[in-house]
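A.B. asks: Got a structure for you, questions after.
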There are 2 protein chains.
Amino acid sequence: MHPIAENISKIDLFKPLSFNSIENIIKSGDNIIKNFEKKEPILFRTEPVDDLMVLIFGEVVTEMSDFNGKVMQVERIKSPSLLAPGFVFASKNISPVDIISDEKTTILYISKSQILKYCNENQDFLKSLLEVISKKVIFLSQKLYFNSMKSIKEKIIFYLMQLYNQQGKTYEIILPVSIEEMSHIFGVARPSLSREFLKLEECGIIKKEGNKILLLNKNELYF
Amino acid sequence: MHPIAENISKIDLFKPLSFNSIENIIKSGDNIIKNFEKKEPILFRTEPVDDLMVLIFGEVVTEMSDFNGKVMQVERIKSPSLLAPGFVFASKNISPVDIISDEKTTILYISKSQILKYCNENQDFLKSLLEVISKKVIFLSQKLYFNSMKSIKEKIIFYLMQLYNQQGKTYEIILPVSIEEMSHIFGVARPSLSREFLKLEECGIIKKEGNKILLLNKNELYF
């Protein structure tokens, strides 16, 4: 398979499409592939996001700056991945961040009308698109919620209690995400999160075995 | 027109549909209309959101509680409106909140498969659905961003500077949202926000005329 097609097929959104359809996306004259050198701007803040941007090769960072010009890095995104999928279909589709390549980068631009065409042709693609955008809603809702909590310990305990309730109140909880993803939801650094998990283990409150968490002392988890 | 159909037609998502199509949604045996008394639970936290819930009449509140049972109200939603549209199509579509009627309430449940059917039949409805969910992504992204700022003054100034950049760097800015909506984005109480706007006016930094803001002293706005 063409290496571009291969990378596209790894992205959740495109999983319902056949290899043939994916190769047609690349060949279609309506979609554009652009290459960027390291540290080249891909999209400026305040620019509209009119196409679905698919990061095929390379890595980008998203940045904001305050009015004194101080730049803050918001996120690092590795290929293959979608860039800002939640913005394309919004009426106010203005990017809140600059997107800058952090190494040699290849991006496929698929126009809104093409995306809608794929939705009409393939109901599974439509479901996949709705799922991708909805996943962003859930991620941001959770993040906003955990943001309101002060300590990492508080975040972990609340998260475990949510899972405890969702997973039928069993004392053996399966973590649905990796520690890495959890650190993104909580908005904390990954090592700090791992450290806090270790502390909870040392206190005998939980035991972590891979993606499984045993609640050893549920009374301690009430706060 | 039927009063239920009339209220549905006021919701952005359904605007691309003809009155006829809306009346068919109500008549369809696949969709269900339920009535709730005041203070009746509509959806429990940890329950999946399998249908699109359309709040036709009445008012609901969404609530969370911590493990000591202390209840916090998250949001108050007035009819006509959609409830949790960003959750229906997510793979982990578990409601993070309880939804409770705050007066006599009528809700229309439209199944996922019906929604997908309407998307296939009407491309404008599909666009409208993508827009509704994407709008949530933008709202939450903004809210998360403004959450990281400490003072209300800082939030207002940053917001105005964003608009200044987006609206072609003119000293006369049009507010795209009401003060009410802005208070939701900022996550602050509406009276506190109005008070802070007044203070900025008293200091001669801005002048507010309806939805127009004049930047009188842009140097003061850098922080």
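The values are calculated or read from the model by the stated rules, or taken from the named source; none is laboratory data. The model shown is predicted, which means the values in this text are computed figures rather than measured ones. So basically every Cβ, Gly included, is an ideal-geometry build from the backbone, and we count neighbours across all protein chains shown. Heads up: the accessible areas ignore ligands, DNA and RNA and are worked out on the full protein's heavy atoms, side chains in. Shrake-Rupley method; radii C 1.70, N 1.55, O 1.52, S 1.80 Å.
A.B. asks: Sorting B:ARG45, A:ARG190 by accessible area (1.4 Å probe), largest first, what list results?
C.D. replies: On the way: B:ARG45 70, A:ARG190 115 Å².
From most accessible down to least: A:ARG190, B:ARG45.
A.B. asks: Give, rounded to the nearest 20 debye, the magnitude of the charge dipole that chain A has about its Cα centre when Lys and Arg contribute +1 at Cβ and Asp and Glu contribute -1 at Cβ.
C.D. replies: Working: 29 positive and 28 negative charges, 115 e Å.
The calculation lands at about 560 debye.
A.B. asks: Roughly how big is the protein assembly as shown's charge dipole about its Cα centre, with Cβ charges of +1 (Lys, Arg) and -1 (Asp, Glu), in debye to the nearest 20? Intermediate results must be reported in sequence, preceding the final value.
C.D. replies: On the way: 58 positive and 56 negative charges, 137 e Å.
It comes to approximately 660 debye.
A.B. asks: If you take the alpha carbon radius of gyration of the protein assembly as shown and divide it by 2.2 N^0.38 Å, what ratio comes out, to two decimals? If you can, show how the numbers build up before the last one.
C.D. replies: Details: Rg = 23.3 Å, N = 446, 2.2 N^0.38 = 22.3 Å.
Taking the Cα Rg and dividing by 2.2 N^0.38 Å, one obtains 1.04.
A.B. asks: Using alpha carbon centroids, what distance separates region A:129-158 and region A:1-41, in Å?
C.D. replies: 30 Å
A.B. asks: Tally Lys and Arg at +1 and Asp and Glu at -1 over the other residues with C-beta under 12 Å from the C-beta of A:SER192: what net charge comes out? Don't skip to the answer; put the middle values down first.
C.D. replies: Values: positive: A:LYS153, A:LYS155, A:ARG190, A:ARG195, A:LYS199; negative: A:GLU196.
Net charge around A:SER192: +4.
A.B. asks: Here's another thing I want to ask about it. Around A:GLU59, under 10 Å between beta carbons, what's the net of Lys plus Arg minus Asp minus Glu among the other residues?
C.D. replies: Details: positive: A:LYS38, A:ARG76, A:LYS78, A:LYS104; negative: A:ASP102, A:GLU103.
Once all neighbours under 10 Å are counted, the net charge is +2.
A.B. asks: Let me ask something additional. Charges on Cβ only, +1 for Lys and Arg, -1 for Asp and Glu, centred on the Cα centroid of region A:45-156; of A:LEU130, A:SER148, A:GLN114, which one is farthest towards the dipole's positive end?
C.D. replies: A:SER148
A.B. asks: Right, another one. With the other protein chains left in place, how much accessible area per residue, in square angstrom, belongs to region A:152-220 at a 1.4 angstrom probe?
C.D. replies: Normalised by residue count, the accessible surface of region A:152-220 is 51 Å².
A.B. asks: Residue-wise, which Karplus ³J(HN,Hα) couplings in Hz belong to region B:203-217, taking 6.51 cos²θ - 1.76 cosθ + 1.60, θ = phi - 60°, and x for glycine or proline?
C.D. replies: 7, x, 8, 9, 9, 9, 10, x, 8, 10, 10, 9, 8, 8, 9
A.B. asks: Under 5 Å between amide H atoms, partner at least 5 residues away or on a different chain: which partners does B:ILE56 have, H built in plane at 1.01 Å?
C.D. replies: B:THR106, B:ILE107, B:LEU108
A.B. asks: Sticking with this one: Based only on the alpha carbon positions, what is the Kirkwood hydrodynamic radius of chain B, in angstrom? Before the final figure, lay out the partial values.
C.D. replies: Details: mean 1/r = 0.0504 Å⁻¹.
Its Kirkwood hydrodynamic radius stands at 19.8 Å.
A.B. asks: Hey, another quick one. If amide hydrogens are placed 1.01 Å from N in the peptide plane, which non-local residues have theirs closer than 5 Å to the one on A:GLU47?
C.D. replies: A:SER95
A.B. asks: Among A:ILE26, A:GLN73, A:ASN165, flag the residue with its Cα farthest along the positive direction of the charge dipole of chain A, charges on Cβ as +1 for Lys/Arg and -1 for Asp/Glu.
C.D. replies: Farthest towards the positive end: A:ASN165.
A.B. asks: Would you mind calculating the relative contact order of chain B from Cα pairs under 8 angstrom and at least 6 residues apart, reporting the percent as a whole number? Walk me through the numbers before you get to the answer.
C.D. replies: Numbers: 329 pairs, mean separation 41.3, N = 223.
Answer for chain B is 19 percent.
A.B. asks: Here is a follow-up. At a probe radius of 1.4 Å, figure out the A/B buried accessible area, summed over both chains, and give it in Å² to the nearest 100. Could the numbers behind the result be given before it?
C.D. replies: Details: alone 12960 and 12940 Å², together 21670 Å².
So the total buried area for this chain pair works out to about 4200 Å².
A.B. asks: Let me ask another. If the limit is 18 Å between Cα atoms, which of A:LYS112/B:LYS127; A:LYS199/B:LYS92; A:LYS10/A:LYS39; B:LYS39/B:LYS136; A:LYS135/B:LYS78 go over it? The partial results should precede the final answer.
C.D. replies: On the way: A:LYS112/B:LYS127 10 Å; A:LYS199/B:LYS92 29 Å; A:LYS10/A:LYS39 25 Å; B:LYS39/B:LYS136 27 Å; A:LYS135/B:LYS78 25 Å.
In this structure, A:LYS199/B:LYS92; A:LYS10/A:LYS39; B:LYS39/B:LYS136; A:LYS135/B:LYS78 lie more than 18 Å apart at Cα.
A.B. asks: Quick one: in chain A, whose Cβ comes closest to the A/B rotation axis, and how close in angstrom?
C.D. replies: Nearest-to-axis residue on chain A, with distance in whole Å, is A:LEU140, 2.
A.B. asks: Scanning chain A for helices, which whole DSSP H stretches are 15 Å or more long along the axis (Cα) and average 0.0 or more by Kyte-Doolittle? Don't skip to the answer; put the middle values down first.
C.D. replies: On the way: long enough: A:123-147 (36 Å, 0.32); A:152-166 (21 Å, 0.09); A:190-202 (18 Å, -0.95).
Helices meeting the span and hydropathy rule in chain A are A:123-147, A:152-166.
A.B. asks: Note down the magnitude of the dipole of region B:152-220 about its Cα centre, charges +1 on Lys and Arg C-beta and -1 on Asp and Glu C-beta and zero elsewhere, to the nearest 20 debye. Before the final figure, lay out each step's value.
C.D. replies: On the way: 10 positive and 9 negative charges, 14 e Å.
Around 60 debye, computed over region B:152-220.
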